[in-house]
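Reading through the structure tokens given below for one structure.
The values are calculated or read from the model by the stated rules, or taken from the named source; none is laboratory data. All of these numbers come straight from a predicted model, not from anything done at the bench. Here the Cβ positions follow ideal geometry from the backbone for every residue, glycine too, while neighbour counts run over all protein chains shown.
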Amino acid sequence: MPALMPTEYTARITWLGRVVAENGTMRSEPLDEAMAVFGGFVGESHFGVTRPSCVRVRSQHKQGTTINNVRQLSVMSAEEIAHIAEKMGLEDIDPTLLGASLILEGIADFTHVPPSSRLQSATTGATLMVDMVNRPCVLPGREIEMEHEGFGAKFKPAAVGKRGVTASVEREGLLEIGDVMRLHIPDQRSWSP
């Protein structure tokens, strides 16, 4: 019996990008397509099968410990980005300022899809495994501030519960703008200790 259930929920890729480590910034460069490989997107600052642990997992690992890289990609929702912009008082937010890898359109409450869910391309079968909620931080706010003076500090509070998820590549394949991704969720009840 399968442990992951396909759902009727799908989303369309509306934007692809990667943060290039050499740029010294968290701005993403836009891409028309990206080859998703087991380390993520080649050239992405978070690329790799392993990574040094960071503040996100400091309760489990001393910072800098080599761990499995489940934070290869940052996946966000177009609808949630629009909500963040509205809450900040902006007309919109350029995805390059957010350090995003993919922006999807079509799944409500996207940031809260269950951990271990999969997003699978209907075209190539490329599959991303959702790790967890990507908490808001001040770094996108710094990028926003450079383009919209006086608005950068508004990002973190506006993005609570809407920053998307971190993910890693489970199955390699090409992703392109316009591709449809189907959501698959774990076949289990919610945790209730």
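Numbers for the structure displayed
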{"read-out": "Hey, SER121 surrounded by 20 or more Cβ atoms within 10 Å (Cβ to Cβ), closer than 26 Å to TRP191 by Cα and either within 14 Å of the chain's Cα centre (by Cα) or modelled with pLDDT of 95 or more (or both) or not", "value": "no"}
{"read-out": "Evaluation of MET129 against (1) among the aliphatic types (A, V, I, L, M); (2) surrounded by fewer than 23 Cβ atoms within 10 Å (Cβ to Cβ); (3) closer than 13 Å to LYS162 by Cβ (one fails), failing number", "value": "(3)"}
{"read-out": "Residues of the range 144-167 satisfying the condition of being crowded, with 22+ Cβ neighbours inside 10 Å and either without any contact (Cβ under 8 Å) to a residue 60 or more places away in the chain or closer than 25 Å to ASN69 by Cα (or both)", "value": "ILE144, ALA159, LYS162, ARG163, GLY164, VAL165, THR166, ALA167"}
{"read-out": "SER53 vs. criteria touching a His at 6+ places or on another chain (Cβ under 8 Å) and modelled with pLDDT under 95", "value": "yes"}
{"read-out": "Pairs, first touching a residue at least 60 places away in the same chain (Cβ under 8 Å) and surrounded by fewer than 20 Cβ atoms within 10 Å (Cβ to Cβ) in the range 94-112, second basic (Lys, Arg) and assigned to a strand (DSSP E or B), C-beta under 8 Å, six or more apart", "value": "GLU105/ARG12; GLY106/ARG12"}
{"read-out": "Flag if ARG142 is at pLDDT below 95, outside any loop (DSSP other than H, G, I, E, B) and not small (Gly, Ala, Ser)", "value": "yes"}
{"read-out": "Identity of the residue in the range 15-28, surrounded by fewer than 18 Cβ atoms within 10 Å (Cβ to Cβ) and either touching a strand residue (DSSP E or B) at 6+ places or on another chain (Cβ under 7 Å) or not charged (D, E, K, R) (or both), that ends up nearest to GLU176 (Cα to Cα)", "value": "VAL20"}
{"read-out": "Selection from the range 49-87 of residues that are over 22 Å from GLY125 (Cα atoms) and in a loop (DSSP other than H, G, I, E, B)", "value": "SER53, CYS54, ARG58, SER59, GLN60, HIS61, LYS62, GLN63, GLY64, THR65"}
{"read-out": "Test result for MET5, in a strand (DSSP E or B), under 20 Å from LEU139 (Cα atoms) and hydrophobic (A, V, I, L, M, F, W, C)", "value": "no"}
{"read-out": "Qualifying positions in the range 20-48 - under 22 Å from GLN120 (Cβ atoms), part of a loop (DSSP other than H, G, I, E, B) and among the aliphatic types (A, V, I, L, M)", "value": "VAL42"}
{"read-out": "Some residue of the range 31-50 being at positive phi, modelled with pLDDT of 95 or more and crowded, with 18+ Cβ neighbours inside 10 Å", "value": "yes"}
{"read-out": "Failed item in (1) farther than 21 Å from LYS156 by Cβ; (2) not in a strand (DSSP E or B), with THR96 passing the rest", "value": "(1)"}
